[in-house]
Amino acid sequence: MSEPFNEVKQLEMSLKAAQNMVGKATMAMDDNLLQAATEAVNNAHAQLNALSNSGPGTDEELLAQSRQLLAQCEEQINEARR
């Protein structure tokens, strides 16, 4: 059986999923896809919070880049809903 992904890998996967969903949703301008994209961004935020609360040794640059990326995703969703 394979080893579980570590928290950093889970965050990376959540960020990629959120970016992908936001891209699809904003291109389609579909309310259901926009809601799914919002949920994907929220899930990525949860992963980010879990990683940032995991204690010392966390890559602060990775956390900052992840926060910035999620802020951009949220802005794209907000723009699409206007």
GLU39 being part of a helix (DSSP H, G or I) and more than 14 Å from the chain's Cα centre (by Cα): no
Could you please let me know if ASP30 is within 16 Å of ILE77 (Cβ to Cβ), among the acidic types (Asp, Glu) and surrounded by 11 or more Cβ atoms within 10 Å (Cβ to Cβ)? yes
Would you check if there is a residue in segment 10-22 being of a type in the set (A, V, I, L, M, F, W, C) and either out of contact with any helix residue (DSSP H, G or I) (no Cβ under 6 Å at 6 or more places or on another chain) or not in a helix (DSSP H, G or I) (or both)? yes
Restricting attention to segment 40-78, which residues are among the acidic types (Asp, Glu), modelled with pLDDT of 95 or more and either surrounded by fewer than 12 Cβ atoms within 10 Å (Cβ to Cβ) or in contact with a Phe, Trp or Tyr (Cβ under 7 Å, 6 or more places away or on another chain) (or both)? GLU75
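The values are calculated or read from the model by the stated rules, or taken from the named source; none is laboratory data. A quick note: this is a predicted structure, and the numbers were derived from the prediction, not measured. Methodologically, a virtual Cβ is constructed for each residue, glycine included, from the backbone with ideal geometry; neighbour enumeration extends over all protein chains shown.
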